[in-house]
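Below is one structure, written out as structure tokens; comments come after it.
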Amino acid sequence: MRVVCGRLKSDYRYSKDIVYNNFPWPELADGQRSRIEKTAQAILDTRALYSDSSLADLYDETTMPPELRKAHKDNDSAVLAAYGLPEDTPESSIVTHLFTHYARLINR
């Protein structure tokens with residue numbers, strides 16, 4: 001996100017077209033799609049528990065509900081596994097992996 005999204009002042013500018021749909025998905029092994037769908041739904045379900053809270057409140061680094069943080073960690077783990085990366089992969093290595101994957105696809 002920090003690599004590909006825009007900014008408005010110093011704030012990140014999120015967009016489904018610019019931020020989250022930039023990188024193609026890898027070929028998914030059996031069960032990976034289902035696991036990712038379940039962990040993504042868990043994020044939505046957890047956020048629904050806090051329907052009176054804004055996204056800014058829910059995603060404040062100091063006050064984020066622990067169960068929401070866990071739901072995101074589980075989703076991150078599922079997505080990293082789909083790309084063949086371990087959970088402890090540093091962000092810079094993830095970005096390199098994504099750009100390398102993209103370059104391989106466009107140079108076929």
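What follows draws every value from the coordinates through simple rules; no lab data is involved. Predicted, not measured: the structure shown is a model, and the values here were computed from it. Ideal geometry is used to build each Cβ from the backbone, glycine not excepted, and the neighbour counts take in all protein chains shown.
Applying a DSSP loop filter and a limit of 13 other Cβ atoms within 10 Å to the GluC sites (Glu not before Pro) in region 34-102 leaves 61, 87.
Is the shape of region 40-79 best called rounded, prolate or oblate, per the rule: a/c under 1.5 gives rounded, else a/b larger than b/c gives prolate, else oblate, with a ≥ b ≥ c the square roots of the Cα gyration tensor eigenvalues? Intermediate results must be reported in sequence, preceding the final value.
Working: a/c = 2.44, a/b = 1.47, b/c = 1.66.
Oblate, since a/c reaches 1.5 and b/c is not below a/b.
Would you mind calculating the gained length between residue 23 and residue 45 on full extension (0.36 nm times residue separation, minus the Cα-Cα distance), in nm to one decimal?
Values: separation 22, 0.36 × 22 = 7.92 nm, distance 2.55 nm.
Gain on stretching residue 23 to residue 45: 5.4 nm.
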